[in-house]
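Take a look at the structure below.
What follows is calculated from the coordinates using simple rules that are stated; it is not laboratory data. These numbers were taken from a predicted model, which means no experiment stands behind them. Reconstructed Cβ throughout: ideal geometry from the backbone, glycine too, with neighbour counts over all protein chains shown.
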């Protein structure tokens, strides 16, 4: 009998790859979401039936953080993560046969702005000043709310994911028009509203030296599969390459992959202005995210794409193939 895998939020970038991979293995993949043919999030009975006896439950739902942190968006960023996670937890708790493993998306943004040392599961320090860090904490807290003694739970702290359809698209566009240089932090006014909303990132790391932790989408799929066979993986797991770079290094390698010889740097005032126009946040490029996958390396996980050049070459190559 094929295993059943339940995926909440399978219509997103990671969810599509994960669902396709398990279906290719012959698994019975059931999805929960808002797309036609999926179990809707407000159908608690159907979700409970789906997770009853499932080999794996994966939660990936959540509004994209690539949005402007208005009051309405902040509420939706939290609600779309917490409510869907609670729905999966309630369904597992109500099922007759608990799933042995529940992997739920989280984010490496839970750690502080780090340019002094890498953060790991055992030594990392949680951020305490930004709304994005608050989201991560609320998301993980929801994962552990329900009493599920028979279910191993992993909040997968995902770094910036690379692949065709990821955040790589907008960055590639910037590089192609000559704006693919380093992102330089600097002074920017701290308004009372942004301080109150915890959306203001004080100037920290200069000259594009803020760390850039990343992972290829194929390794996210590989890590979830690996976790099924490795019961020692429990609790938070960082999903990031063991070879992070910095912002300047990432943009330089992206230009090389795309064949773009020149990339003009962007000062913070330019990033803030562009972020306002594009309805996103400059924090996404300016916060120093430096993490290492301590648990995965100790468990023996072998990354398919451990180095940035190979990961970018694959992602850009697949984008070109799919565009043809």
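Results, tabulated for the structure shown:
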read-out: Qualifying positions in segment 17-41 - surrounded by fewer than 16 Cβ atoms within 10 Å (Cβ to Cβ) and touching a residue at least 40 places away in the same chain (Cβ under 8 Å); value: none
read-out: Members of segment 53-65 found to be within 21 Å of residue 170 (Cα to Cα) and out of contact with any helix residue (DSSP H, G or I) (no Cβ under 7 Å at 6 or more places or on another chain), listed by number; value: 64
read-out: Wholly within segment 110-226, helices (runs of 4 or more DSSP H) carrying at least 3 residues that are touching a residue at least 12 places away in the same chain (Cβ under 8 Å) and either in contact with a helix residue (DSSP H, G or I) (Cβ under 6 Å, 6 or more places away or on another chain) or surrounded by 15 or more Cβ atoms within 10 Å (Cβ to Cβ) (or both); value: 131-143, 168-176
read-out: Residues located in segment 307-324, provided they are touching a strand residue (DSSP E or B) at 6+ places or on another chain (Cβ under 9 Å) and surrounded by fewer than 17 Cβ atoms within 10 Å (Cβ to Cβ); value: 310
read-out: Any hit, segment 282-296, residues being within 21 Å of residue 215 (Cβ to Cβ) and over 20 Å from the mean Cα position of the chain (by Cα); value: no
read-out: Test: residue in segment 287-294 that is more than 21 Å from residue 60 (Cα to Cα), surrounded by fewer than 17 Cβ atoms within 10 Å (Cβ to Cβ) and either touching a strand residue (DSSP E or B) at 6+ places or on another chain (Cβ under 8 Å) or without any contact (Cβ under 8 Å) to a residue 60 or more places away in the chain (or both); value: no
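Residues are listed down the side, and each one gets a yes or a no for (1) in a helix (DSSP H, G or I); (2) within 21 Å of the chain's Cα centre (by Cα); (3) within 21 Å of residue 137 (Cβ to Cβ):
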{"site": "5", "(1), (2), (3)": "no, yes, no"}
{"site": "15", "(1), (2), (3)": "yes, yes, no"}
{"site": "26", "(1), (2), (3)": "no, no, no"}
{"site": "31", "(1), (2), (3)": "no, yes, no"}
{"site": "46", "(1), (2), (3)": "yes, no, no"}
{"site": "54", "(1), (2), (3)": "no, no, no"}
{"site": "76", "(1), (2), (3)": "yes, yes, yes"}
{"site": "80", "(1), (2), (3)": "yes, yes, yes"}
{"site": "97", "(1), (2), (3)": "no, no, no"}
